[in-house]
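The values are calculated or read from the model by the stated rules, or taken from the named source; none is laboratory data. Just so it is clear, the structure is predicted and the values come from calculations on it, not from any experiment. So basically every Cβ, Gly included, is an ideal-geometry build from the backbone, and we count neighbours across all protein chains shown.
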Amino acid sequence: MFLALLRRPAPTPVPARCGVVERLTEALPQGAVIRSAHSLTTYERDGSLEGTGDPLAVVLPENTDQVQTVMRMAAQAGVPVMPRGAGTSRCGGAIPLDASLVIGTSRMKQVLAFDSERGLIRVQAGIANLAVSAHTQASGWCYSPDPSSRRTCSIGGNVGSNASGACALRHGRTSDKLRGLTAVRRDGSRLDLGLHSAVPAQLDLMGLLCGSEGQLAFITEVTLALDPLPECSWTLAAHFRSPTAAVAFAERVLHSGWTPHRIEFMDLHAIRLTERVAPCGYDVAAQALVLLELQGFDEEVRAGIDLLRQLLPDPADLVGQARVEASQSSSMWQGREAIYRAASTLGAFEALDVNVPLGRFEAMLQRVGEIAEACGVAHATVAHMGDGTLHTFLPYGAMDAAARSRVMACADEVRLACVAEGGSISAEYGVGLSRRDLLGAQYAATDLDQQRRVRDAFAPGGELNPGKVIPQRNGEWGRPPQ
Amino acid sequence: MIYYDALTESSVVSSFAPDREEDAAEWLRSARSRRARVRLCGGDTRRRSRAEDPVHTLSSRNLCGVLRYEPRDRLIVARAGTPLAVVEQLLARNGQRLPFEPADPRHLLGRPGTPTIGAVAAANVTGPRGLEAGEARAHLLAARLLNGRIESVRCGTATLKDVAGVDLTRLVAGSLGRLGLITEVAFRVVSIPEHELTLRIAAPARDLLRWSAQARARGIRLTGGVWLCGASMLEAGYGRCCGSAFLRLEGPHAMVTAHRRRMLDLLPTDADVEECSGPTSAAIWTRLRDGSFLPAVEADDVWEWRLGAEGEALDPVRPFDEIGLNWQLDLGGRRLLCVAGAGVRSEQLTQLASAGLPQCRPALLRGSGGSVRAHRMSRPGTSFQPLERAVMASFDPDHVLA
């Protein structure tokens, strides 16, 4: 799919563009504008392997006022703009197309306000996800959404992609934590929503901006709801002789009335891969592993874990004994949390983040294996069993074009199979560039037209993060709906 | 300042309630060609319009039926006109429910009609359980909408987690018919908990706000927090008091027991606490959810103030504490309801509201004498009003929808 980049026409040279970088350099503090070819290489790519873009320049503002200045000047010069967080996108969402001006948030990392009584924090968009919890945990609060890149990914990027991870089951996604938002529109105007505004909007514009992948406005500040740190946390780990038994156990758990903090699935390939890289006692003879964690008050969690243990199947369906441990001293999550690191030991890989309705989860697991094997591609799957999200890792080793092409075709086939089951091509990473041309398989043309019109109401002409998310209708790089 | 955008029965020129989306589209196309103004409605439990001109009404109430429900999926897809009661009964038979406890507005509005699942989405109807679960919009997974361009548009995907594309469900939820006729909805569902427990504590309203915030900070999962005034308590047979806070805990027995103990630790040692559980508790919360402890009669005005998310000033209710009206505060449903007799002038109430709840939008849900009108406080100009208009126009460029 990275060939799509090459098929895009070169941006039309516009005389006004020539001076905009100079004007920005004059208007902003020293060092805020990066234009040397060497320094720009960092901003040409992101966490995906979708190729490189062509940034006009990079601007690193420090606050909303400076972002307004940049957006205004870019709009006047007709220069498209690409918001960039920490550049951890796994779908090419932060690759600059059309010689966009990249606006980065790496100088916007301040905590602006922290209300320790009400559990609310107002931060600039560039602060790292994990830094929010680091700032608040001494007061007994944490920020729950936990994308796998949480050590480095920025809150602005999280809001832009409505990021979430395993903990979404109990604590919700980024959109559930958002209480206020400040953004700058294409024309440089400021948008204050939620708690940042004295007057509520009639439409849920804040919810709309969450997950809009930088196409509607540049998010500069957000207010987030925090969760109290739990008094205690216990983990149950069980190895199964079949995925069927593992899925049936998870369903009993979800129906029990106890909502785990997270409940995760690993197939045999993921068990073996992680046990090789980050050994933590997984049984490599098992066909599936379920890890779950309960959090809450001490007596509540102990009672809950006891009850959930009773939901385990007959010992004949298990490999060994289920392990129950206090999470603090348990090593059982180390393997699950090392899955990206483990996959990277195989070289380059494509990571899926597809979703299917829970009732189709087991069938989809099987289908993923069938598709990968038919394509001759190795695979390993971990999954969030509470919401039906599958992360399948498809390695292709060295940057070999033929192997990569085979893996990408396999990945697309899995995504389309999920859509056929009523699911989604993306549950967590977003659409960005790499899944853009598949969106037409999930939505009809009229649905995408409406999405495009809403985008244009915010940023006419699609000049914010251009070329992403919504495929061109009848465009030169569009792919017809399947 | 109040503006009256009253809609009387006589201003309705014609109404249509198709049982097929295609027929709705045809009717809407005809209305658009005649430049007629169309008001959308569901089960006819409320009246609302911003138009003073005669309008034609298009109702989704005959678009009925559950389209997809498999308990394992933990979601339900239904046509918009499906009665809410039908959806709730189906879910209950399988040990499930909607997470956000939508209220039945008929008592407060003094209307017949049938609450529908589509109207729950259109009005973002959320009840006390919203305190823990969030608003209805957080659980709306997908919707199908017939927009003002007469296009059938699907927003979102009926699966539990999806970030593909621009999330139009966030616009549709709470849009009150401004964007199009909702014809189908998909909502997340959850298991019905094993046990529920209600704590009733005689206390002023500000104590409810304090306890709720403290409970959240300590990890106590309250699934309802409502304060009911003394006058309403007395009429409901609870005896004389300054008013009571109702707190609810739900979950497996062991969980409720642990959270109850922590909650009682938070309360003053001399607090007057009564507890109930099971059907008694459930019956209380149905009445709190619907505002039916408030003795609204034909001659009364019923006012509603929509509250924002948690984090707004936690002392907004003091002015209401000092007035002798029937009122209740629902933290999960994010609304303050007030019933004012004919003697109370609306200007007094709006002044009171402006002082106490500056960030909230008060609305007269029901006017005195039983007439049904929608009065809304005018809002100060905001930077996002032109943007909202542009977004609405992207769905309805010819302003067909009233």
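Of the residues that sit in the range B:245-258 and are facing chain A (nearest Cβ under 7 Å) and surrounded by 23 or more Cβ atoms within 10 Å (Cβ to Cβ), which one is farthest from B:E194 (Cα to Cα)?
B:A258
Using the structure shown, decide if A:G140 is at pLDDT 95 or above and facing chain B (nearest Cβ under 10 Å).
Yes; evaluated as a whole, the condition is true for this residue.
For the range B:201-244, enumerate the residues that are polar (S, T, N, Q), within 14 Å of chain A (Cβ to nearest Cβ) and surrounded by 20 or more Cβ atoms within 10 Å (Cβ to Cβ).
B:S212, B:T223
Within the range A:339-355, can one find any residue that is buried (at least 16 other Cβ atoms within 10 Å of the Cβ), touching a Phe, Trp or Tyr at 6+ places or on another chain (Cβ under 8 Å), closer than 20 Å to A:W258 by Cα and in contact (Cβ under 8 Å) with a residue 12 or more places away in the chain?
Among the residues of the range A:339-355, not one is buried (at least 16 other Cβ atoms within 10 Å of the Cβ), touching a Phe, Trp or Tyr at 6+ places or on another chain (Cβ under 8 Å), closer than 20 Å to A:W258 by Cα and in contact (Cβ under 8 Å) with a residue 12 or more places away in the chain, which makes the answer no.
State which residue pairs qualify: first residue of a type in the set (F, W, Y) and inside the range B:182-208, second residue at pLDDT 95 or above in any location, beta carbons under 7 Å apart, and separation of 6 or more residues or different chains.
These pairs meet every condition: B:F187/B:L75; B:F187/B:I76; B:F187/B:L98; B:F187/B:H139; B:F187/B:L140; B:F187/B:L141.
Consider only pairs whose beta carbons are under 7 Å apart and that are at least six residues apart or on different chains; among these, list those whose first residue lies in the range B:111-127 and is under 14 Å from B:L171 (Cα atoms) and whose second residue is of a type in the set (D, E, K, R).
Sorted first by the residue in the range B:111-127, then by its partner, the pairs are B:N124/B:E135; B:N124/B:R137.
Just one of the numbered conditions (1) at negative phi; (2) touching a Cys at 6+ places or on another chain (Cβ under 9 Å) is not true of A:G156; which one?
(2)
Name the residues in the range B:131-152 that are touching an Asp or Glu at 6+ places or on another chain (Cβ under 7 Å) and either within 26 Å of B:L336 (Cβ to Cβ) or away from chain A (no Cβ under 14 Å) (or both), would you?
B:G134, B:R137, B:A138
State whether one or more residues within the range A:102-114 are among the aromatic types (F, W, Y) and at pLDDT below 95.
Looking through the range A:102-114, none of the residues is among the aromatic types (F, W, Y) and at pLDDT below 95.
Could you please find all residues in the range A:35-55 being over 26 Å from the mean Cα position of the chain (by Cα) and either acidic (D, E) or modelled with pLDDT of 95 or more (or both)?
Hits for the range A:35-55: nothing passes.
When both residues are 6+ apart or on different chains and their Cβ atoms are under 9 Å apart, which pairs have a first residue that lies in the range A:53-82 and is among the hydroxyl-bearing types (S, T, Y), and a second that is part of a loop (DSSP other than H, G, I, E, B)?
Taking only residues 6 or more apart or on different chains, the pairs are A:T64/A:M108; A:T69/A:L28; A:T69/A:P61; A:T69/A:G188.
Go through the range A:205-282 and tell me which helices (runs of 4 or more DSSP H), entirely inside it, have 2 or more residues that are touching a residue at least 24 places away in the same chain (Cβ under 8 Å) and over 30 Å from A:Q450 (Cα atoms).
A:243-255, A:268-277
Name the residues in the range A:57-88 that are part of a loop (DSSP other than H, G, I, E, B), within 26 Å of the chain's Cα centre (by Cα) and buried (at least 21 other Cβ atoms within 10 Å of the Cβ), would you?
Correct list: A:L60, A:P61, A:P80, A:G85, A:A86, A:G87, A:T88.
In the range A:198-225, how many are at pLDDT below 95 and over 22 Å from A:D456 (Cβ atoms)?
The total comes to 3.
With the condition being within 14 Å of chain B (Cβ to nearest Cβ) and among the basic types (K, R), I'd like the helices (runs of 4 or more DSSP H) fully within the range A:290-360 carrying at least 2 qualifying residues.
Qualifying helices (runs of 4 or more DSSP H): A:298-310.
Which ones in the range B:85-104 are away from chain A (no Cβ under 14 Å), buried (at least 22 other Cβ atoms within 10 Å of the Cβ), more than 20 Å from B:E70 (Cβ to Cβ) and out of contact with any Asp or Glu (no Cβ under 6 Å at 6 or more places or on another chain)?
The answer is B:E101, B:P102.
I want to confirm something. Restricting to the range B:155-179 and keeping residues that are under 19 Å from the mean Cα position of the chain (by Cα) and in contact (Cβ under 8 Å) with a residue 60 or more places away in the chain, which single residue is farthest from the other protein chains (Cβ to nearest Cβ)?
Only one residue tops the list, namely B:G177.
What residue, among those in the range A:89-101 that are among the aliphatic types (A, V, I, L, M) and surrounded by 24 or more Cβ atoms within 10 Å (Cβ to Cβ), is nearest to A:C210 (Cα to Cα)?
A:A94
Test B:R261 against the stated conditions and say whether it is surrounded by fewer than 23 Cβ atoms within 10 Å (Cβ to Cβ), touching a residue at least 24 places away in the same chain (Cβ under 8 Å) and within 14 Å of chain A (Cβ to nearest Cβ).
No: the conditions fail for B:R261.
Give the residue that is surrounded by the most Cβ atoms within 10 Å (Cβ to Cβ), with candidates limited to residues of the range A:103-129 that are within 14 Å of chain B (Cβ to nearest Cβ) and assigned to a loop (DSSP other than H, G, I, E, B).
The extreme case among them is A:G119.
Among the helices (runs of 4 or more DSSP H) contained in the range A:370-482, which hold 2 or more residues that are buried (at least 24 other Cβ atoms within 10 Å of the Cβ) and more than 8 Å from chain B (Cβ to nearest Cβ)?
Those helices (runs of 4 or more DSSP H) span A:401-420.
Inside the range B:132-154, can you point out the residues that are closer than 24 Å to B:R37 by Cβ and of a type outside the set (D, E)?
Matches in the range B:132-154: B:A143, B:R144, B:L145, B:L146, B:N147, B:G148, B:R149, B:I150, B:S152, B:V153.
For residues that are acidic (D, E) and more than 30 Å from A:L181 (Cα to Cα), scanning just the range A:218-274, find the one that is farthest from the other protein chains (Cβ to nearest Cβ).
Step by step, filter the range A:218-274, then rank; the result is A:D267.
Does A:A74 satisfy the condition of being modelled with pLDDT under 95 and touching a helix residue (DSSP H, G or I) at 6+ places or on another chain (Cβ under 9 Å)?
No; evaluated as a whole, the condition is false for this residue.
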